[in-house]
Structure formats: C-alpha cells, structure tokens
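Step one of this worksheet: look at the structure below.
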Amino acid sequence: MGVGTSKILGKIHYAEMKIQDKFFPCSVTVMEDDKVDFLFGLDMLKGHQCKIDLKKNRLIFENAGIEVPFLPEGEIKRGFGIQKPKPNESSSLKSGGAQIGGFPEEDVKKLVDMGFSKDQAIGALR
C-alpha cells in the first residue's frame, strides 16, 4: 500500500535526511515515475512520531522539538495530470482546441488555478 503502480527501481536502506538542523534516518524507495520528487510516507511519519497540525499549517516532529511549515499552494511543484506535448507529436494533435502560448488552455488554467501567473504556467509547461 502507498506506492501505487509505479515500477520500483531500487531501495536505499539507510539515508540521513536533514530537516532544519536535525538529521533523521530513513529508507528510500526509488520509483521510475517522476511525478513526485519525494513522499514522506505514513511509515516515516509514524517512525519519527510526527504530528500534522492543519490549524498551524505545520508538520511537527515532537521528539526532535522542531516544526516545519507547509509550503504555500503556489510554491508546490505541480504538474500532476498535465501532459506536456511530446516533441514528435503531429501539429494536428497540438492544434485541437483553444491554446494559450502554444499549450492547451485547460492545462494553463489548471496551473493558474493553483496560484501561478499565466506566464509562470506557460514556462512550467515548456
């Protein structure tokens, strides 16, 4: 449970992850999918006795005495569900429907709705 259907390429059995000025031991599963850079899974949250405080908008490591603020919506790397055009796609496939800056209007709108400016959205799709 947790990793979905992406192919597992390997596992790093021990690594130290630095959060603020503290180091936390962890194991890392390396996935073929590049949609997400890193997932701090439930096993790690439990192992380090973390609390998710949605009122304070923070992840709290009680045993280490640190609190980490969540990123604002506009700073989160996005792209889930948005397909970048492939270089070898025919122009007839690209030209169907409304476009902004050479990209499907729907994809640009998704990014703008997440807090990016129109120019930032177009830049992210390139």
Compute the distance in nm between two label points, each set 7 Å from the Cα along the Cα-to-Cβ direction, one at residue 58 and one at residue 19. 1.2 nm
May I ask you to order 101-110, 10-19 by the average number of other C-beta atoms within 10 Å around their residues, highest value first? 101-110, 10-19
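At a 1.4 Å probe radius, which order do 126, 58 fall into by accessible area, largest first?
My answer, sorted largest first, is 126, 58.
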Could you check the simple spin-label distance between residue 37 and residue 109, using points 7 Å along Cα→Cβ, in nm with one decimal? 2.9 nm
State in Å² the accessible area per residue of the stretch 1-76; use a 1.4 Å probe, count heavy atoms of protein chains only, and round to the nearest integer. 79 Å²
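The values are calculated or read from the model by the stated rules, or taken from the named source; none is laboratory data. This is a predicted model, so every value here is computed, not measured. We place every Cβ from the backbone using ideal geometry, glycine too, and count neighbours over all the protein chains shown. Surface accessibility is based on the protein's heavy atoms, side chains included, excluding ligands, DNA and RNA. Shrake-Rupley method; radii C 1.70, N 1.55, O 1.52, S 1.80 Å.
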